[in-house]
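A.B. asks: The structure follows.
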């Protein structure tokens, strides 16, 4: 009896004969359907009943593929017909499952020509438990057949894992993104037209350049591009300044700057924009003060390019800093000392040795800033005014009065092209040119101090900027205690009470605050998503670091790609792809969880790759030679040794799920409202007090989570010699757009 | 527990475009101790990893007791391996490391503990079972790694330079311990090393690898006294080289005189007295000899059956007990030790008895 084949065959049979075939109205994990007419009811019946009773005859051929696998369940994998039979079952089953799913939808036939050919059919809904199990069964039967043919040295576990990751990424990254491409070619009635696409993509609203001559706004593509380039440039310069001050100026406060690196992780990006409104908006503290003291009348200067640029600079400079501090520290002191012994003074050493060595790192930081700015949704949304950028325009195209999916799709394509180009350049060009040594072992010696003529200008920039950051974060932390900014600055707990009050009612505690609903949803969804994200990321990391298989490079590129897809694009694509069968997920909690899994998978992936590359490969090989298969080896040897990385990945995927906004705002629903989307909603209504109060609570929750893991990771150092020098808990050198 | 035979048959391995093993065949008898010896990059570790299943084989077969395991994954080959880095799991104690393989084999707890204890006392690790491996010394770790491999009573034991992380003195004793254990347990063992002496001391037979091919297989005496090629001779320490022209007849090998050496008649009889001649012996020859086999004599002396090189002392040193001279012969330099004290510039003869010479026909078609 072949254990793997029989296991997946059993799963497939349960999916076909026992569990409800179609998606249920209720939440994914409620079991009300058991009492609700199961198994004969039209909505909850398993496939076999759907065929026999409800006329869904087109499901019947699926059984052929299941039964084909039954033929080889008692066969040895080396038998000649074993692999081909399973390949037939897997490819045929999966192929047919999706063929019928895409051709027969909620209105019967999806294509009129098929209706003319076969006559009308029953309608059907999205895949439910049964269909998902059967699909999984077909997938793993297929991967077993590859293993039986000798791919990945016949390892069933590794073959299955590769298949799983590829299938998931195909279903939840490539499929939705390709849906965007398709809908860009459709008009609002679903008719394919190329001319409309050309018309839309060359729209003056996107590419218009009249702003150069007249006083009208430019196309949104140019707006985004100009903003992203200036943010990329600005944050790189500032980040470098901070990195140099921290490592090369003898200052007592130097090390304190490292705290900055934690800020972008625990701060939802739009919170900076929010704080800026409270400072510089028409009713802002600074604006009011200027009016009172110098008679400078309040204006709306903060709404538009300047405001967004400032907010993004504040939000993304720490990310550039994080990248560049590694770069600056990575320049080997002995290289600088070598220059000094040849009579180079401080300035010559810096300009001829240190700086050229840092150049690839600078390019990297620039591209990250560029991608972050392009993808940022929160700040332009809060501060944009009339200055439209791609990410916000996409949102308004879907949500606003126009509800023009085609336009959203076209804008998404433009945005995606920009970020993917930057991502590609970063990986293929800058990534390979890095001179900086990444191995843990540094050379002996101290970094040369900065030449004097650089020190003063840099300090002149860094110190005011730091003060500004301080003011902004004070604003975030304490802004919630003020009645109304600009009008009534008296102390109040009203906003916190509105959001988080708990009263005692008839049945015990009542969570009566307005924020509780979204707060608990956020925590629950993030807590469910975190282990899934980590698991998927670590599994992928294991495959990338430890396994050699055909197409590994493409596999790596595909998994890394989800870094570069902006959240707004993911949001739109999920709406387009998962609103209709065969995968029907909109307005569920599931869609949020899946979205977080694939948006944040890189967190687990990078943590896993970094930690696993430090583990001697012989450690797994020793286990294999003693007769453990790769699954047992992963469980007993690799996972226990990765515990610190797992803890870090768990918390960061949790925290990132809480802070994300750009994709979430498309996917929230009445039942599943998320904190960030709720806050943005309050901001739109001008309810700044509650918004800032809620944000500060979120930041504190996340700070607590991050501190907890810092503590945990730094205490649990497993005996891994010098290489385990405390790794930075955060590795955002390739940061996913917020 | 007794060892199984192992056959490597025409194994080829490439990394990308680089061919690392170009068709290697070895037959290992049950219970035999084989050393794979070669300089770095010769493919010895790759060969071991191909045997263990970590490196996929492009062509050829690997057989264990006549069972073809060429495409079997490492966990299905029934071999145990000791790694250069030991690869002990830092999250387990010494006893857990040793018992890991037994736990996988679902050995009952009592039996498992007994066998772990047994293995530990066999290796002199008594009382260290509860220590984390990070708390052990280098020598102790090495024993735990060996114990982990031996606890599962493997038929074949693979050793990947297991001694190279030990300091010189411990290494001497561990060599003998491993050899003794292997003989006691009758396991087939394949040992990778770049240390010539280690291979000589431990192995029943030595396989010398050169650029992915087997240069010679033989007993330690064989490869030392009768190296089959110029490469093996140099690798086994006969690394002084001098070209000769010779003619062979029934009396032996007639070496004609040149600027560098006198003429001589050398015995090529098998056994202890003759030179080790590979090839026809006629025409151009390359002669290899070990420094320690050379003796300094008066430049005019012509001992019977020996080759005399004409040299000049160019450097002297005194490492203790004997003098060490750099002697120039033509544009070649040889290091020769001698008890006599000589000065720089002295003319001197280097006497090489026939039995100290390894002669290889320069014409490759007649060699081997």
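A.B. asks: So which of A:86, A:70, A:94 ends up being touching a residue at least 24 places away in the same chain (Cβ under 8 Å) and crowded, with 21+ Cβ neighbours inside 10 Å?
C.D. replies: On the way: A:70 fails: crowded, with 21+ Cβ neighbours inside 10 Å; A:94 fails: crowded, with 21+ Cβ neighbours inside 10 Å.
Sole residue among the options that is touching a residue at least 24 places away in the same chain (Cβ under 8 Å) and crowded, with 21+ Cβ neighbours inside 10 Å: A:86.
A.B. asks: Identify the residue in region A:132-179 that is away from every other protein chain (no Cβ under 14 Å) and out of contact with any helix residue (DSSP H, G or I) (no Cβ under 8 Å at 6 or more places or on another chain) and, among all such residues, is surrounded by the most Cβ atoms within 10 Å (Cβ to Cβ).
C.D. replies: The extreme case among them is A:171.
A.B. asks: Can you confirm whether residue B:237 is within 16 Å of the chain's Cα centre (by Cα), outside the structural domain of residue B:35 (by TED's automatic domain parsing) and buried (at least 16 other Cβ atoms within 10 Å of the Cβ)?
C.D. replies: Working: within 16 Å of the chain's Cα centre (by Cα): yes; outside the structural domain of residue B:35 (by TED's automatic domain parsing): yes; buried (at least 16 other Cβ atoms within 10 Å of the Cβ): yes.
In short, yes.
A.B. asks: Further question: Just checking, which of A:613, A:623 is part of a helix (DSSP H, G or I), touching a helix residue (DSSP H, G or I) at 6+ places or on another chain (Cβ under 9 Å) and within 14 Å of chain B (Cβ to nearest Cβ)? Spell out the reasoning first.
C.D. replies: Details: A:613 fails: within 14 Å of chain B (Cβ to nearest Cβ).
Answer to the check: A:623.
A.B. asks: Sticking with this one: Hey, among A:275, A:320, which residue is buried (at least 24 other Cβ atoms within 10 Å of the Cβ), farther than 30 Å from residue A:360 by Cβ and in contact with a helix residue (DSSP H, G or I) (Cβ under 8 Å, 6 or more places away or on another chain)? Write out each step before concluding.
C.D. replies: Values: A:320 fails: farther than 30 Å from residue A:360 by Cβ.
Just a single option satisfies the conditions, and that option is A:275.
A.B. asks: Still on this model: Please state which one of A:541, A:607, A:628 is touching a helix residue (DSSP H, G or I) at 6+ places or on another chain (Cβ under 7 Å), within 14 Å of chain B (Cβ to nearest Cβ) and crowded, with 21+ Cβ neighbours inside 10 Å. Working first, answer last.
C.D. replies: Details: A:541 fails: within 14 Å of chain B (Cβ to nearest Cβ); A:607 fails: within 14 Å of chain B (Cβ to nearest Cβ).
None of the other options fit; the residue is A:628.
A.B. asks: How do the pairs read when you match residues in region B:108-136 that are within 14 Å of chain A (Cβ to nearest Cβ) with residues anywhere that are loosely packed, with under 15 Cβ neighbours inside 10 Å, using Cβ under 6 Å and keeping only pairs 6 or more apart or on different chains?
C.D. replies: Once the first residue is within 14 Å of chain A (Cβ to nearest Cβ) and sits in region B:108-136, its partners that are loosely packed, with under 15 Cβ neighbours inside 10 Å give B:134/A:719.
A.B. asks: Kindly provide the set of residues from region A:550-569 that are within 20 Å of residue A:535 (Cβ to Cβ) and surrounded by 18 or more Cβ atoms within 10 Å (Cβ to Cβ), ordered by number.
C.D. replies: Passing the criteria: A:555, A:559, A:560, A:561, A:562, A:563.
A.B. asks: Does at least one position in region A:588-595 carry a residue that is more than 14 Å from every other protein chain (Cβ to nearest Cβ) and assigned to a loop (DSSP other than H, G, I, E, B)? Before the answer, list the steps.
C.D. replies: Keep residues of region A:588-595 that are more than 14 Å from every other protein chain (Cβ to nearest Cβ), which gives A:588-595.
Next, from what is left, pick out any that are assigned to a loop (DSSP other than H, G, I, E, B): A:588.
Yes, because at least one residue in region A:588-595 is more than 14 Å from every other protein chain (Cβ to nearest Cβ) and assigned to a loop (DSSP other than H, G, I, E, B).
A.B. asks: Where residues in region B:97-107 are buried (at least 18 other Cβ atoms within 10 Å of the Cβ) and more than 8 Å from chain A (Cβ to nearest Cβ), which of them is nearest to residue B:2 (Cα to Cα)?
C.D. replies: In this case the residue turns out to be B:102.
A.B. asks: A further question on this structure: When region B:182-198 is examined, which residues are found to be surrounded by 15 or more Cβ atoms within 10 Å (Cβ to Cβ) and in a helix (DSSP H, G or I)?
C.D. replies: So in region B:182-198, the residues surrounded by 15 or more Cβ atoms within 10 Å (Cβ to Cβ) come out as B:182, B:185, B:187-196, B:198.
B:182, B:185, B:196, B:198 - these are the residues of region B:182-198 that are surrounded by 15 or more Cβ atoms within 10 Å (Cβ to Cβ) and in a helix (DSSP H, G or I).
A.B. asks: Here's something else I'd like to know. When only residues in region B:343-368 that are modelled with pLDDT of 90 or more, surrounded by 13 or more Cβ atoms within 10 Å (Cβ to Cβ) and part of a loop (DSSP other than H, G, I, E, B) count, which is farthest from the chain's Cα centre (by Cα)?
C.D. replies: Among those that are modelled with pLDDT of 90 or more, surrounded by 13 or more Cβ atoms within 10 Å (Cβ to Cβ) and part of a loop (DSSP other than H, G, I, E, B), it is B:346.
A.B. asks: Which residue pairs have Cβ atoms under 7 Å apart, sit 6 or more places apart or on different chains, and have a first residue in region B:5-19 that is farther than 30 Å from residue B:30 by Cβ and a second that is surrounded by fewer than 16 Cβ atoms within 10 Å (Cβ to Cβ)?
C.D. replies: Listed pairs, sorted by first residue: B:14/B:58.
A.B. asks: Quick check, is residue A:204 under 30 Å from residue A:704 (Cβ atoms), more than 26 Å from the chain's Cα centre (by Cα), exposed (fewer than 14 other Cβ atoms within 10 Å of the Cβ) and without any contact (Cβ under 8 Å) to a residue 24 or more places away in the chain? Break it down into steps so the answer makes sense when it comes.
C.D. replies: Details: under 30 Å from residue A:704 (Cβ atoms): no; more than 26 Å from the chain's Cα centre (by Cα): yes; exposed (fewer than 14 other Cβ atoms within 10 Å of the Cβ): yes; without any contact (Cβ under 8 Å) to a residue 24 or more places away in the chain: yes.
No: the conditions fail for residue A:204.
A.B. asks: Is it fair to say residue A:668 is more than 13 Å from chain B (Cβ to nearest Cβ), farther than 25 Å from residue A:263 by Cα and under 30 Å from the mean Cα position of the chain (by Cα)?
C.D. replies: Working: more than 13 Å from chain B (Cβ to nearest Cβ): yes; farther than 25 Å from residue A:263 by Cα: yes; under 30 Å from the mean Cα position of the chain (by Cα): yes.
Answer is yes for this residue.
A.B. asks: For residue A:24, indicate whether it is touching a residue at least 24 places away in the same chain (Cβ under 8 Å), within 23 Å of residue A:109 (Cα to Cα) and either not in a helix (DSSP H, G or I) or not assigned by TED's automatic domain parsing to the domain that holds residue A:591 (or both). Write out each step before concluding.
C.D. replies: Working: touching a residue at least 24 places away in the same chain (Cβ under 8 Å): yes; within 23 Å of residue A:109 (Cα to Cα): yes; either not in a helix (DSSP H, G or I) or not assigned by TED's automatic domain parsing to the domain that holds residue A:591 (or both): yes.
When the stated conditions are applied, residue A:24 passes them.
A.B. asks: Of the residues A:645, A:657, which single one is more than 8 Å from chain B (Cβ to nearest Cβ), under 24 Å from residue B:89 (Cβ atoms) and buried (at least 22 other Cβ atoms within 10 Å of the Cβ)? Give the derivation first.
C.D. replies: Numbers: A:657 fails: under 24 Å from residue B:89 (Cβ atoms).
After applying the criteria, what remains is A:645.
A.B. asks: Tell me yes or no: at least one residue of region A:296-305 is in a helix (DSSP H, G or I) and modelled with pLDDT of 85 or more. Walk me through how you get there before you give the answer.
C.D. replies: Start the filter on region A:296-305 by keeping residues that are in a helix (DSSP H, G or I), which leaves A:305.
Imposing the further condition that a residue be modelled with pLDDT of 85 or more reduces the set to A:305.
Yes, region A:296-305 contains a residue that is in a helix (DSSP H, G or I) and modelled with pLDDT of 85 or more.
A.B. asks: With the structure loaded, tell me whether residue B:41 is more than 10 Å from chain A (Cβ to nearest Cβ), surrounded by fewer than 23 Cβ atoms within 10 Å (Cβ to Cβ), at pLDDT 90 or above and not in a strand (DSSP E or B) or whether it fails that test. It would help to see each step written out before you state the result.
C.D. replies: Details: more than 10 Å from chain A (Cβ to nearest Cβ): yes; surrounded by fewer than 23 Cβ atoms within 10 Å (Cβ to Cβ): yes; at pLDDT 90 or above: no; not in a strand (DSSP E or B): yes.
So residue B:41 does not fit the description; no.
A.B. asks: Return the residue satisfying two criteria in turn: it lies in region B:78-96 and is facing chain A (nearest Cβ under 9 Å) and free of Cβ contacts under 8 Å to residues at least 60 places away in the same chain, and of such residues it is farthest from residue B:146 (Cα to Cα).
C.D. replies: First pass over region B:78-96, keeping only residues facing chain A (nearest Cβ under 9 Å): B:78-92.
Filter once more, so that each one left must be free of Cβ contacts under 8 Å to residues at least 60 places away in the same chain: B:87, B:89-92.
On the way: B:87: 11, B:89: 13, B:90: 16, B:91: 18, B:92: 16 Å.
The residue in question is B:91.
A.B. asks: Another question about this same structure. If you check residue A:182 against the conditions, is it outside the structural domain of residue A:393 (by TED's automatic domain parsing), surrounded by fewer than 20 Cβ atoms within 10 Å (Cβ to Cβ) and either out of contact with any helix residue (DSSP H, G or I) (no Cβ under 7 Å at 6 or more places or on another chain) or in a loop (DSSP other than H, G, I, E, B) (or both)? Can you show your working first?
C.D. replies: Working: outside the structural domain of residue A:393 (by TED's automatic domain parsing): yes; surrounded by fewer than 20 Cβ atoms within 10 Å (Cβ to Cβ): yes; either out of contact with any helix residue (DSSP H, G or I) (no Cβ under 7 Å at 6 or more places or on another chain) or in a loop (DSSP other than H, G, I, E, B) (or both): yes.
Yes: the conditions hold for residue A:182.
A.B. asks: Here is a further query. Which of the strands (runs of 3 or more DSSP E) found entirely inside region B:220-289 contain at least 3 residues meeting this: in contact (Cβ under 8 Å) with a residue 60 or more places away in the chain? Quick ask: steps written out before the conclusion?
C.D. replies: Details: elements: B:240-249, B:252-255, B:264-266, B:276-278, B:283-289.
Qualifying strands (runs of 3 or more DSSP E): B:240-249, B:276-278, B:283-289.
A.B. asks: Taking the options A:361, A:406, A:369, name whichever one is part of a helix (DSSP H, G or I), buried (at least 22 other Cβ atoms within 10 Å of the Cβ) and over 22 Å from the mean Cα position of the chain (by Cα). Quick ask: steps written out before the conclusion?
C.D. replies: Numbers: A:406 fails: buried (at least 22 other Cβ atoms within 10 Å of the Cβ); A:369 fails: over 22 Å from the mean Cα position of the chain (by Cα).
Of A:361, A:406, A:369, the one residue that is part of a helix (DSSP H, G or I), buried (at least 22 other Cβ atoms within 10 Å of the Cβ) and over 22 Å from the mean Cα position of the chain (by Cα) is A:361.
The values are calculated or read from the model by the stated rules, or taken from the named source; none is laboratory data. Because the structure is predicted, anything quoted here is derived from the model rather than measured. Cβ sites come from the backbone with ideal geometry, for glycine too, and all protein chains shown count toward neighbours.
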